[in-house]
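**Q** My questions will all concern the structure given below.
Throughout, read-outs are computed from the coordinates displayed, never taken from laboratory work. Worth saying up front: this structure is predicted, and the values here are computed from it rather than measured. Here the Cβ is made from the backbone with ideal geometry for all residues, glycine too, and neighbour counts use every protein chain on show.
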Amino acid sequence: MTGTKTLELKACYSKAWKSFSKWWLPLCLLAGFLLVFEWIPRLSSRAESQQLVQTVSEIVAAAENDQFDRMDRQLMELNEILSAYAKKMLTFALYASPFIALLSVLLVATALMAVRNRRSRLSPKRVAVVAVVQFALALAKVLLLFLFFPLGVFVYIKLYFAILLMLEEDRPAAEAIKESWSMGTGNFWSLLGLVSINGAIQFFMGLTVVGLIPATGFAQTTRAAAFDLLKNPGQ
């Protein structure tokens, strides 16, 4: 029965590594494209970020020297910079988010193929529907993480397999969310450990920039491996 088996991290990472070593090329290609779309807003707003840091530094310096007139001017300038920065980031987010959602779904689907070691045909319609759900779930998770971090983490873990269920079994979003929630029952701490370890790997590999690409592909492979172990405990 789904959700009754306890996830063993050692078995999960062993399965993921064997799968990733065979399918590393498509996984890395998709992860690379995904990261490019995620980096575009950061690279395009580098000048605004530097200006923001400089303005904040000048405000601090003005406050330390009791230069209140100068501080007021800098605060007005800071408000203008923040408004322009937020507008630019929102514009890029609106254009890049559909591609990020689509590439995320394709990466997860490829990771599942790697774990199963077989190719699967996915209809464009199903991929598009799952991408829309992925986008909606991502927004909800980010909002929860921002408003109340512990609740956001809890919901993120419980919905960890929703997209995989929609891809593998063509489940409606509501059913996939319900079953993903059930699969997390009894395995919350194991899945939290999985996410934490993957986050640490991506952070340290991200220090080399290029290393973040295989780290991202491998993280999704461990996700698919965990899903496969829980869905098919006898294999």
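**Q** Relative to the longest principal axis of the chain, what angle (0 to 90°, nearest 10) does the C-alpha long axis of helix 124-147 take?
**A** Tilt relative to the chain: about 50 degrees.
**Q** Quick check on the chain: helices-only [θ] at 222 nm, where DSSP H runs of length 4 and up contribute -39,500 (n - 2.57) each and the sum goes over total residues. Nearest 500, please.
**A** -29000 deg cm²/dmol, from helical runs alone.
**Q** Just to check I understand the Karplus step: with θ = phi - 60° and J = 6.51 cos²θ - 1.76 cosθ + 1.60, what whole-Hz values come out for segment 23-39, glycine and proline as x?
**A** After applying 6.51 cos²θ - 1.76 cosθ + 1.60, I find 10, 5, 5, x, 5, 5, 4, 5, 5, x, 4, 4, 5, 4, 5, 6, 7 Hz.
**Q** Quick check: the angle from helix 212-231's long axis to the longest principal axis of the chain, C-alpha only, nearest 10 degrees?
**A** 40
**Q** Which order do peptides 148-159, 94-105, 114-125 fall in by mean Cβ count within 10 Å, highest first?
**A** Taking the mean over residues of other Cβ atoms within 10 Å, the ranking is 94-105, 148-159, 114-125.
**Q** If you line up the long axis of helix 46-64 against the longest principal axis of the chain, both from Cα atoms, how many degrees apart are they, to the nearest 10?
**A** On a 0 to 90 degree scale, this one is about 50.
**Q** Fully extended, how many nm does the chain gain between residue 196 and residue 129 (0.36 nm per residue separation, minus their Cα-Cα distance)?
**A** 21.3 nm
**Q** Pull out a ≥ b ≥ c, the square roots of the eigenvalues of the alpha-carbon gyration tensor of segment 80-187, then state rounded if a/c is under 1.5, prolate if not and a/b is larger than b/c, and oblate in the remaining case.
**A** Oblate is the answer for segment 80-187, as a/c is 1.5 or above yet b/c matches or exceeds a/b.
**Q** If the reach is capped at under 21 angstrom between alpha carbons, list the lysines near residue 141, excluding any in the same chain fewer than eight residues apart.
**A** 158, 178
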